[in-house]
Amino acid sequence: MAESLSPLGAYVRQHEPDRFFTTLFAPPDRREAAFALAGLHHELGRAREVASNPLIAAIRLQWWRDAIEEAAAGKPPRKHEVAEPLHAAIAAGLLDAPGLLALADAREAELEEEGIPTAAAFAAYLRGAHGGLAVAMGRLLGATGPELLALQEHGAAQGLAALLRNTGLLASRGRCLLPLDLLAEAGLTLEEAIADPAATQPLARRLAAQALAGLPKPRRWPRPLLAAALPAIAARRDLAGIAAGRPAARGTGDRLSILLGWVLARA
């Protein structure tokens with residue numbers, strides 16, 4: 001496998017292992033563009049993580065906006081292990097520049113030092129940053145209409161599951177993305193949630209249960225769309241575990257559940 005992987009595929013396998021695994025189900029002629037999309041998702045997500053302050057994170061997001069706009073304008077690609085193949089996918093018409101720019105815009109919510117203010121803003125962030133990624137993947141693979149709407153809902157749920165699984169890790173970095181109004185309902189300030197992430201677990205269980213109940217029912221997908229749809233399987237598993245107070249550790253079980261989903265979801 002290592003010998004047959006492109007440098008971009010190896011990059012995604014290292015930094016986005018779950019998404020790498022599901023991307024392997026993409027048709028071969030779309031796989032590199034799917035890897036480019038996964039690489040962009042990783043780079044946008046780490047903009048705040050690696051920056052010492054929100055201003056530097058905003059500059060990193062703008063760098064990616066510029067790279068996307070330059071690709072759409074036919075300018076030369078920027079020298080970067082993700083930017084170059086991303087440029088090629090945009091230039092080939094496989095990835096939609098406005099949709100990619102919207103992914104970067106949605107990440108602005110992560111830069112707010114005072115936190116995400118409301119549940120509505122939180123939902124918009126999840127739909128934009130994570131649901132938008134699923135939509136972009138779906139478009140790449142040929143999804144249309146209701147399929148894209150279902151993918152957006154699943155993508156937002158996957159983003160929520162990832163955030164809830166990593167509440168403690170975010171807190172160790174001085175961050176919390178749970179909305180301030182829901183924290184207040186739980187009797188917590190942003191500072192208290194960061195100081196004691198375990199105190200947010202009742203809220204996390206409630207959010208996971210609500211998201212799980214609101215997900216579209218499992219459906220059979222056209223085979224070319226499976227790489228876009230399969231991440232929802234891991235999201236359902238994560239949300240169910242979090243709602244029950246038993247978040248599942250990443251491992252072989254996730255891969256097996258996705259493989260089983262592949263068998264059951266093929267149309």
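Values in this text are rule-based calculations from the coordinates and carry no lab data. Fair warning: this is a prediction, and the values are worked out from it, not measured in the lab. Here the Cβ positions follow ideal geometry from the backbone for every residue, glycine too, while neighbour counts run over all protein chains shown.
Tabulated data
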quantity	calculated
Positive-end residue, the chain charge dipole about Cα centroid, Cβ charges, pick of 189, 169, 58	169
Cα centroid separation, the range 191-225 to the range 80-126 (Å)	20 Å
Cβ charges +1 (Lys, Arg) and -1 (Asp, Glu), total dipole of the chain, debye	1080 debye
GluC sites (Glu not before Pro), loop per DSSP, at most 16 other Cβ atoms within 10 Å - longest free stretch of the chain	115-267
Kirkwood Rh (inverse of mean 1/r, distinct Cα pairs), the range 1-111, angstrom	14.2 Å
Loop-resident sites, the range 52-82, for trypsin sites (Lys or Arg not before Pro), counting at most 14 other Cβ within 10 Å (DSSP)	79
Global geometry of the chain, whether rounded, prolate or oblate, following the gyration tensor of its Cα atoms and the 1.5 cut on a/c	oblate
